[in-house]
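Engineer: Submitted below is the structure of interest, expressed as structure tokens.
The values are calculated or read from the model by the stated rules, or taken from the named source; none is laboratory data. Since the model is a prediction, treat every value here as computed from it, not as a measurement. Counting neighbours? That spans all protein chains shown, and the Cβs are built from the backbone with ideal geometry, glycine included.
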Amino acid sequence: MKKNLKMVIILTFLLFLYTSICAISYAQTISTDIANSVFRLHVIANSDSEEDQALKYKVRDSLLTYMNSICENSSSKEEAISVVEKNKDIFEQIAINTIKEEGYSYPVTINIGNFEFPTKNYGDISLPAGYYDALRVEIGEAKGQNWWCVMFPPLCFVDISSGVVPEESKELMENSLSEEEFALVSEQSNNEIQFKFKLLEFFNNAGLITAKK
């Protein structure tokens, strides 16, 4: 009897171990594929004061206006990153000019790299927490609240009133992801999809998987 119980415990543990490995492998693959399909924008305010937060949004608006003019024809993440890299100095100067126009003298630091992001919703598109390639803009001491969006596919101009991402942006993302991966970021009303999305969040937040480069 004890021998049978021991065997049941061992088999149960092995099944749990196998299931965990499969789940982590699945989450790792999905997280990496999603991260590889988007290029994000990250603006960090000097502080959490009302004035610095308002300035952050002014800088954001100026950057988005320029970004939209140079990236509107980008058809891939790599193309969008290439365009931004070539115009990095201009992004920095636009931020500096906006800050000066608002009466401040904060320095600006701009980097293109792989950074950690929390789970974020963009209208009816949700991106799980993880590491993503992004253009990071730090204003002054960069100790204030962050502002995030997605430069490619362009999700920065979501219709806030309707909370719906433009179909063109969805198509770009859909073309970069598998059918299931796109469902994970766009079909949050589905219970099975919600569970899988929560699984991604859990493993990412626990540090068990990462798309960091």
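Engineer: Quick test of your reading of the structure: Glu179 fulfils all but one of (1) surrounded by fewer than 21 Cβ atoms within 10 Å (Cβ to Cβ); (2) modelled with pLDDT under 80; (3) over 15 Å from the mean Cα position of the chain (by Cα). Name the failing condition by number.
Structural biologist: Condition (2) is where Glu179 drops out.
Engineer: Keeping to segment 104-155, report how many residues are within 18 Å of Ile94 (Cα to Cα), assigned to a loop (DSSP other than H, G, I, E, B) and either touching a His at 6+ places or on another chain (Cβ under 9 Å) or modelled with pLDDT under 90 (or both).
Structural biologist: Number satisfying all stated conditions: 0.
Engineer: From the residues in segment 41-82 that are in a helix (DSSP H, G or I) and among the polar types (S, T, N, Q), which one is nearest to Thr98 (Cα to Cα)?
Structural biologist: Ser62
Engineer: Taking the options Ile30, Ile10, name whichever one is in contact with a Lys or Arg (Cβ under 9 Å, 6 or more places away or on another chain), at pLDDT below 85 and in a helix (DSSP H, G or I).
Structural biologist: Values: Ile10 fails: in contact with a Lys or Arg (Cβ under 9 Å, 6 or more places away or on another chain).
Result: Ile30 is the single residue among Ile30, Ile10 that is in contact with a Lys or Arg (Cβ under 9 Å, 6 or more places away or on another chain), at pLDDT below 85 and in a helix (DSSP H, G or I).
Engineer: Condition (residue is of a type outside the set (S, T, N, Q), buried (at least 20 other Cβ atoms within 10 Å of the Cβ) and touching a residue at least 60 places away in the same chain (Cβ under 8 Å)) applied to segment 85-105: is it met by at least one residue?
Structural biologist: Taking every residue of segment 85-105 in turn, none turns out to be of a type outside the set (S, T, N, Q), buried (at least 20 other Cβ atoms within 10 Å of the Cβ) and touching a residue at least 60 places away in the same chain (Cβ under 8 Å).
Engineer: Within segment 117-146, track down each residue that is surrounded by fewer than 22 Cβ atoms within 10 Å (Cβ to Cβ), of a type in the set (Gly, Ala, Ser) and under 10 Å from the mean Cα position of the chain (by Cα).
Structural biologist: Ser126, Ala129
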